[in-house]
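**Q** Pasting in a structure now, in structure tokens, and then I'll have a few things to ask.
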Amino acid sequence: MASVLDPLVGSCITKLQDIIAEKAVLILDVKEELEKMQGTMRQIRCFLDDAEQRRIKESAVNNWLSELRDAMYDAVDIVDSARFEGSKLLKDRKSSSSKNSTAGCGISLLSCFPVIQRRHEIAVKIRDLNDRVEQLSKHGNSFLHPGVGPTGQGSTSKGRENSNLVQPKLVGKEIMHSSKKLVDLVLAGKEQKDYRLAIVGTGGVGKTTLAQKIYNEQKIKPVFEKQAWVCVSQECNEVNLLKEILRNIGVYQDQGETIAELQRKIAKTIEGKSFFLVLDDVWKSSVIDLIEAPIYAAASSVILVTTRDDRIAMDIHAAHTHRVNLLSEEVGWELLWKSMNIDEEKEVQNLRNTGIQIIKKCGYLPLAIKVIARVLTSKDQTENEWKKILSKISAWSELHDDIEGALYLSYNELPHHLKQCFLYCALYPEDSTIKRDDLVMLWVAEGFIEEQEGQLLEETGEEYYYELIHRNLLQPDGSTFDHTNCKMHDLLRQLACYLSRDECFTGDPESLEGQSMTKLRRISAVTKKDMLVFPTMDKEHLKVRTLLRKFYGVSQGVDHSLFKKLLLLRVLDLTGSSIQTIPDCIANLIHLRLLDLNGTEISCLPEVMGSLINLQILNLQRCDALHNLPSSITQLCNLRRLGLEDTPINQVPEGIGRLTFLNDLEGFPIGGGSDIGKTQDGWKLEELGHLLQLRRLHMIKLERASPPTTDSLLVDKKYLKLLSLNCTKHPVESYSEGDVGNIEKIFEQLIPPHNLEDLIIADFFGRRFPTWLGTTHLVSVKHLILIDCNSCVHLPPLWQLPNLKYLRIDGAAAVTKIGPEFVGCRGDNPRSTVAAAFPKLETLVIEDMPNWEEWSFVEEGDAAAASMEGEEDGSAEIRKGEAPSPRVQVLPRLKWLRLDGCPKLRALPRQLGQEATCLEELGLRGASSLKVVEDLPFLSEALICGCDGLERVSNLPVLRELYAQDCPHLRCVDGLGNLQQLWLDDDMQEVSKLWVPGLQQIRGEDLDVYTW
């Protein structure tokens, strides 16, 4: 607890320092009291390290820390109150002075009484708190010792680049053997009507890892028509479980559906189909009873369950139970040193004996070993340092049998600021997905992020997030670019819940009736009831700072009384609730930093919203009934994020440029010049000019804009990382020449800054892309998406972007040819400035290109020239059947290439195999004019679907897996000397007889042929 208190006390000291000199506080005449409080807090901070060492064994220390925590929370709240009341008094004074100068008279005595009363109330609160803090300081001084060496001051990795986000391939043999065995059982089980198997083992031993490997196995994916993965957990409810199955199999769920209705939907979707379902972390066998009836509709079903309890496996009548055992000593040691990013064992061979003892203390659990490895990485690699770690694990394990000592130590070794961020994750229900951006917003609203010079709080928060991943305390789920989604292992969540048990609660708030809530600060509401309500008690006893309901899938009403009860709220998340109106009493929530109304039924916001001067984050995405914003929204002087995506806003107030702290604008609607009084149908581009802290900008309705008066509207925004430029999808009629010229001019002037990393352009209807898109101006762009830019005849020369890693082109109907200009191989391109085209591109996706016919890296003239040069030096590339090399190296790091919906494309570039030397995976769908796929010497996996004209696949020497579907003219497949798996759909059984025997003759038993 002390470790969490240190940043809280430090934050109080900083806040006091900041407000002491503010005019809004000076007017209250409490400067001396605040300075006194600040000094006392500095004294208290000196005792916290000693308290941290002694709190586990000494209840008196724990009690002192609990009282201190309450006092610090009250101090933070009083700072808010002082600033709020002072601002009101300052505003009233200015208003009175203005009126008096006009009326020529003095202030009435009667009008002074409220002012005096407010000053007095604030002063009394500060004085009383000062007395409490003073007593705590004296008490701490009587039994605690200042100046003990600090703990938990571990270093923080700087940003995601230095964090080892890619997990090393560790301890593969055992899991590979188990996986192969279970995959075979799953495939064999498909032939039965109902087959069940279970993976059993203690927490943290690797059950989920094994199940994930099976679920993602390439052999299994094509076999089952429907697949679903559901994390069950202790806290999972029936409705959510059924909804998650439906989401996995691609079915929309309506709000308020009953269990029976959801079961019928599942049955209808999987009827007559093969279905593979993984239920991860099952605690009750009744889960199977819930899904038994709908699953019976499937032609065949295989259910794989992971659980800690052997009885679950028996209760569900598992045909096979696989036990995941603890690691052996040797394997555990290998996992430890490899998890420390050590290349060879000899580097730590002298520490092996101590390392083995550490592994034993970790209970031979992979999770505990990986987590403690990150702690060891931050220490000197000496016997003494490792023995210190060993003794600390032992000390905690002796006191808490139910919490793994290694896990606690990994928490204890965190820097102070990361400890509170880690504990906050306990509010996320077990097995839930944690989204980076949501989590960082919550941290910012709670005041957990320390200010760094030259950095926005959100940037620092992202560094915290990646540091927790780096330390294996959060695990990325691999589903998103840049690990923006993660999960917390249930053992680590158990630790976080234990350490934050006094102030965090997850469950139904109404169940707290009759219990003391004076200590409770954060609630994650999980309830099956139709209405979210709080127990009846005096509002003075409710000190809740955070209320979250985003994790519950059922839409609920919200009792308006909570706006009157929870007056200390800083975070209010009502995501997905059925609340329709926000009451005026929200104005009393003066501490509120985050208000999330995402997906609610609200139709308007009250004007009193403008009084929430501390509000930093306002999320209004997907509010279908909300069409206008109150004029007072421009008074939210501390607002950092405004989310409007997918909300039909058509009336906004002027003056958004006054919100100078805004750094995240999502769904920014551009106005068409229709003004009604002080409101307008959207904002003007020029209003972005004053928003210098913008970090993410998502603009819509750009076709309504007038060209800005300057080209530097975005160029000077040094924090801008993500830019999304969107026009509205036009109905059937075409745009006029004037509209086309206007949109081209607007995009030309929206020049991004050099620091931009993510760029999205959607529904652009100009005939040429802006010139800045094809230059080295965008030196930092890593992720680029072009969607439905259907009027542009040529793609921009993106080959010059030096850091581009991901490129997706989705919809470019006017493009018929992609030539050398796209990869910088035209004769008029400078050859000396760039060594490679697309030097860092790893993923290239091209979709929905209905008229694209030709793709080449070199001009025909260049090919002829290369032929002549070859004759002179004797190489004669052309005569040898090899493609001429382009003038620069093309796509040297490309790993994944996907072409989807390109029916007229006749051939892949001849040089693709020579240039893209890292190309591992190729996906072709709907390329019906393509006749040949050949000469790709590095390709290891290919998926080819719906390529009607394909006749030959050849010379793919290292290809391991080939998936072929709906390719009726594929009569020749050869030169696949390393092929291990061949997948064919039913329609290809006949034509494949022409070449499968030849492959089998070469590969023998090493080739497995499956029906897809």
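The values are calculated or read from the model by the stated rules, or taken from the named source; none is laboratory data. Keep in mind the model is a prediction, meaning the values are calculated, not measured. For neighbour counting, all protein chains shown are included, and Cβ atoms are generated from backbone atoms with ideal geometry for every residue, glycine included. All accessible areas refer to the heavy atoms of the entire protein, side chains included, with ligands and DNA or RNA removed. Shrake-Rupley method; radii C 1.70, N 1.55, O 1.52, S 1.80 Å.
**Q** Among the residues of the stretch 239-259, is any within 28 Å of H177 (Cβ to Cβ), open to solvent by less than 50 Å² (accessible area, probe 1.4 Å) and of a type in the set (A, V, I, L, M, F, W, C)?
**A** no
**Q** Something else about it: Given G147, G152, G140, G159, which one is part of a loop (DSSP other than H, G, I, E, B), modelled with pLDDT of 50 or more and either within 30 Å of E458 (Cα to Cα) or of a type in the set (G, A, S) (or both)?
**A** Of the residues listed, the single one that is part of a loop (DSSP other than H, G, I, E, B), modelled with pLDDT of 50 or more and either within 30 Å of E458 (Cα to Cα) or of a type in the set (G, A, S) (or both) is G147.
**Q** If E271 passes every condition in (1) farther than 22 Å from L182 by Cα; (2) open to solvent by 50 Å² or more (accessible area, probe 1.4 Å); (3) in contact with a helix residue (DSSP H, G or I) (Cβ under 9 Å, 6 or more places away or on another chain) but one, which one does it miss?
**A** (3)
**Q** Pull out all pairs, ordered by first then second residue, where Cβ-Cβ is under 6 Å, the residues are six or more apart or on different chains, the first lies in the stretch 959-982 and is in contact (Cβ under 8 Å) with a residue 12 or more places away in the chain, and the second is of a type in the set (V, I, T) and surrounded by 23 or more Cβ atoms within 10 Å (Cβ to Cβ).
**A** V973/V953
**Q** Among the candidates L905, L924, single out the residue that is open to solvent by less than 60 Å² (accessible area, probe 1.4 Å), in a strand (DSSP E or B) and not acidic (D, E).
**A** On inspection, the qualifying residue turns out to be L924.
**Q** What are the residues in the stretch 557-596 that are open to solvent by 20 Å² or more (accessible area, probe 1.4 Å), in contact (Cβ under 8 Å) with a residue 60 or more places away in the chain and β-branched (V, I, T), if any?
**A** I590
**Q** Identify all residues within the stretch 548-568 that are of a type outside the set (K, R), at pLDDT 80 or above and more than 17 Å from N614 (Cα to Cα); write none if there are none.
**A** Within the stretch 548-568, L548, G557, V558, D559, H560, S561, L562 qualify.
**Q** Next question. Have a look at M488, M517 and point out the one that is touching an Asp or Glu at 6+ places or on another chain (Cβ under 9 Å) and over 18 Å from P415 (Cα atoms).
**A** M488
**Q** Now for a separate question. Filter the stretch 188-242 down to residues that are among the acidic types (D, E) and part of a loop (DSSP other than H, G, I, E, B) and give me whichever is farthest from D508 (Cα to Cα).
**A** E191
**Q** Return the residue satisfying two criteria in turn: it lies in the stretch 518-541 and is in a loop (DSSP other than H, G, I, E, B) and at pLDDT 75 or above, and of such residues it is farthest from L589 (Cα to Cα).
**A** So, considering only residues that are in a loop (DSSP other than H, G, I, E, B) and at pLDDT 75 or above, the one farthest from L589 (Cα to Cα) is V526.
**Q** So, one more: Could you look through the stretch 843-871, keep only residues that are among the acidic types (D, E), part of a loop (DSSP other than H, G, I, E, B) and over 35 Å from the mean Cα position of the chain (by Cα), and pick out the one that is modelled with the highest pLDDT?
**A** Restricting to residues being among the acidic types (D, E), part of a loop (DSSP other than H, G, I, E, B) and over 35 Å from the mean Cα position of the chain (by Cα), the top hit is E853.
**Q** Could you identify the single residue in Q989, Q965, Q981 that is assigned by the TED database to the domain that holds A907, modelled with pLDDT under 90, open to solvent by 50 Å² or more (accessible area, probe 1.4 Å) and of a type outside the set (D, E)?
**A** Testing whether each residue is assigned by the TED database to the domain that holds A907, modelled with pLDDT under 90, open to solvent by 50 Å² or more (accessible area, probe 1.4 Å) and of a type outside the set (D, E) leaves just Q989.
**Q** Please find, among K717, K678, the residue that is open to solvent by less than 60 Å² (accessible area, probe 1.4 Å), among the basic types (K, R) and farther than 24 Å from L442 by Cα.
**A** The unique qualifying residue is K717.
**Q** Taking the options P957, P937, name whichever one is in contact with a helix residue (DSSP H, G or I) (Cβ under 6 Å, 6 or more places away or on another chain), farther than 19 Å from E854 by Cα and not hydroxyl-bearing (S, T, Y).
**A** P937
So that you can scan it fast, the table gives a plain yes or no per residue for (1) hydrophobic (A, V, I, L, M, F, W, C); (2) within 31 Å of the chain's Cα centre (by Cα); (3) farther than 16 Å from L473 by Cα:
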site	(1), (2), (3)
S339	no, yes, no
Q349	no, no, yes
T354	no, no, yes
I358	yes, no, yes
K370	no, yes, no
S378	no, yes, no
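**Q** Among all residue pairs at least 6 apart or on different chains, which show Cβ distances below 6 Å where the first residue, located in the stretch 918-939, is in the same structural domain as L979 (by the TED database) and the second is outside any loop (DSSP other than H, G, I, E, B) and surrounded by fewer than 20 Cβ atoms within 10 Å (Cβ to Cβ)?
**A** These pairs meet every condition: E921/W896; E921/E941; G923/R898; G923/L943; R925/D900; R925/C945; V932/R952; E934/S954.
**Q** All but one of (1) in contact with a helix residue (DSSP H, G or I) (Cβ under 7 Å, 6 or more places away or on another chain); (2) farther than 30 Å from C497 by Cα; (3) in a helix (DSSP H, G or I) hold for E261; state the number of the condition that does not hold.
**A** With respect to (1) in contact with a helix residue (DSSP H, G or I) (Cβ under 7 Å, 6 or more places away or on another chain); (2) farther than 30 Å from C497 by Cα; (3) in a helix (DSSP H, G or I), E261 is out only on (1).
**Q** When R898 is evaluated against the numbered criteria (1) under 21 Å from T917 (Cα atoms); (2) at pLDDT 95 or above; (3) of a type outside the set (F, W, Y); (4) surrounded by 18 or more Cβ atoms within 10 Å (Cβ to Cβ), which criterion, by number, is the only one it fails?
**A** (4)
**Q** State whether the residues of the stretch 478-501 include one that is in a loop (DSSP other than H, G, I, E, B), under 17 Å from the mean Cα position of the chain (by Cα) and among the aromatic types (F, W, Y).
**A** No, the stretch 478-501 contains no residue that is in a loop (DSSP other than H, G, I, E, B), under 17 Å from the mean Cα position of the chain (by Cα) and among the aromatic types (F, W, Y).
**Q** Another question, if that's okay. Can you spot a residue in the stretch 636-644 that is over 17 Å from M441 (Cβ atoms) and assigned to a strand (DSSP E or B)?
**A** no
**Q** Applying the selection to the stretch 4-26, what residues are under 17 Å from S81 (Cβ atoms), open to solvent by less than 60 Å² (accessible area, probe 1.4 Å) and not charged (D, E, K, R)?
**A** Selection gives S11, C12, L16, I19, I20, A24, V25.
**Q** Still on this model: Among the residues of the stretch 402-420, is any at pLDDT 90 or above, open to solvent by 10 Å² or more (accessible area, probe 1.4 Å) and not assigned by the TED database to the domain that holds D77?
**A** Among the residues of the stretch 402-420, at least one is at pLDDT 90 or above, open to solvent by 10 Å² or more (accessible area, probe 1.4 Å) and not assigned by the TED database to the domain that holds D77, which makes the answer yes.
**Q** Also, quick follow-up: Given (1) open to solvent by less than 10 Å² (accessible area, probe 1.4 Å); (2) without any contact (Cβ under 8 Å) to a residue 40 or more places away in the chain, identify the lone condition not met by T771.
**A** Condition (1) is where T771 drops out.
**Q** Can you pull out every residue in the stretch 654-669 that is in contact with a Phe, Trp or Tyr (Cβ under 8 Å, 6 or more places away or on another chain) and assigned to a helix (DSSP H, G or I)?
**A** I656
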